[in-house]
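Below: the structure, in structure tokens.
The values are calculated or read from the model by the stated rules, or taken from the named source; none is laboratory data. In this text the structure is predicted, and so the values were computed from the model without any measurement. Methodologically, a virtual Cβ is constructed for each residue, glycine included, from the backbone with ideal geometry; neighbour enumeration extends over all protein chains shown. Please note that ligands, DNA and RNA were not included when accessible areas were found on the heavy atoms of the full protein model with its side chains. Shrake-Rupley method; radii C 1.70, N 1.55, O 1.52, S 1.80 Å.
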Amino acid sequence: MPEIEAIMGEGDDRNIALTHRDCNYMQALEGDIDTSHLGFLHVGGIDGEKLDLSDPEVFTVTEKAPKINVTVTNYGTMYSAQRNAFEGTEHHRFASYLFPFWVTYPGGELENAVTANAWVPIDDDSTMIFNIDLRRASGGGKKGFKYKDGTPVEGLARPLEYLPNTTDWKGRWRPVKDRSNDYGIDREWQRNGDSYTGVVGVPMQDQMIQESMGHIVDREMEHLAASDRMVILTRRVMLDAAKEYAATGKLPDFVDHPEYARDARGGDIVVPYGTDWLDGYEEKMAEVKGYKPKMAAAE
Ligand SMILES: [Fe+2]
């Protein structure tokens, strides 16, 4: 197993949540590395001006067109979404893709975020998601947005409501809301502008978008753009690895070096304007972990 921090920690059932998703694993995983959809799909109905601006995550609401930085790493790929922040500073939101199906997604401030999603294929058309947030049980994980008066922004959080598990091959961890009931969409909530989707909860909004395009979307229909740089790079790295394995039988180095994964975290930092995105990441990680990560891919 890769030595991802979130799966190396103390066990607590409350830190892990499973969900069946009715589409191909890569279709779902790509949602996790497509950072700019957050500002539309999940928070498109929130007026950024009304939010408590002391939380740097707010910049994901107020600036919907981040610059996307990407790189190949020794465990897979990594991005930051870069936005102007407070006077003289910039905000970077990081996440990594790790072979073969892991994402360390942004779980709040980088120093406190210990998170991972495993997008495990059940078959070509369905996926089991293992969502892990090592700080969830202690209440120290992702905080969520607040308005200036301190009241929380509603309608974003877990938990999902599940159907009873059955013994069917695909009968476990199925949400109550699915395509048969239009994911519980509330058209009035959507019409009055308070919700972009009319669907409650970030996980269910993703579920609706990823399932409703079909089990495996026809990628000939895509028009990839600058905001898709992480998706493009990750596909390329996966395809290159598959081709190399087919041609030579050689697997990525990461297979023999699960410790590479220790350097992958997802989360937010604020740095002085003009700081190199990877320098910012390495310095913050050195502060947290006591050593400077070396994620660079071998030539
Ligand atoms: Fe999402």
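Before moving on, here are some points about what is shown:
- Look at where the Cα atoms of region 211-225 and of region 82-122 average out, and the two centres are 24 Å apart.
- The spread of Cα positions in region 172-237, taken along each principal axis and listed from longest to shortest, comes to 39, 34, 19 Å.
- Compactness of region 166-279 - radius of gyration and Dmax, Cα, Å: 20.3, 57
- Residue order for Asp124, Asp228, Asp218 - accessible surface, 1.4 angstrom probe, largest first: Asp124, Asp218, Asp228
- Neighbour net charge for Asp194 - beta-carbon separation under 11 angstrom, K R +1, D E -1: -3
- Greater than 24 Å apart at Cα, pairs in Lys64/Lys289; Lys64/Lys243; Lys143/Lys289; Lys143/Lys284; Lys64/Lys177; Lys50/Lys143: Lys64/Lys289; Lys64/Lys243; Lys64/Lys177
- 10 Å Cβ shell holding at most 12 others, DSSP loop, trypsin sites (Lys or Arg not before Pro): longest site-free stretch of the chain: 1-147
- Binning the C-alpha pair distances of region 5-289 at 10 Å intervals from 0 yields a P(r) profile of 6, 27, 37, 24, 6, 1, 0 %, listed from the shortest bin outward.
- Nitroxide proxy distance, nm - points 7 Å out along Cα→Cβ at Tyr291 and Asp52: 3.7 nm
- Largest to smallest in accessible area, the residues Tyr196, Tyr183 fall in the order Tyr196, Tyr183 (1.4 Å probe, all protein chains included).
- Proximal aspartates and glutamates relative to Lys146, as straight alpha-carbon distance under 13 Å, when same-chain residues fewer than 8 apart are discounted: Asp47, Glu49, Asp52, Asp55, Glu57, Glu154
- Carbon and sulfur %, accessible surface of region 220-274 computed with the full protein complex present, 1.4 Å: 56 percent
- Heavy-atom accessible surface of Tyr291, to the nearest 10 Å², is about 90 Å², with a 1.4 Å probe and all protein chains retained.
- Neighbour net charge for Lys284 - beta-carbon separation under 11 angstrom, K R +1, D E -1: -4
- Taking a straight Cα-Cα cut-off under 23 Å and skipping sequence neighbours fewer than 8 places away in the same chain, the lysines within cross-link reach of Lys250 are Lys294.
- Per residue accessible area of the chain, 1.4 Å probe, in Å²: 51 Å²
- Neighbours of Arg21 by Cβ distance under 9 Å: Lys/Arg scored +1, Asp/Glu scored -1, total -3.
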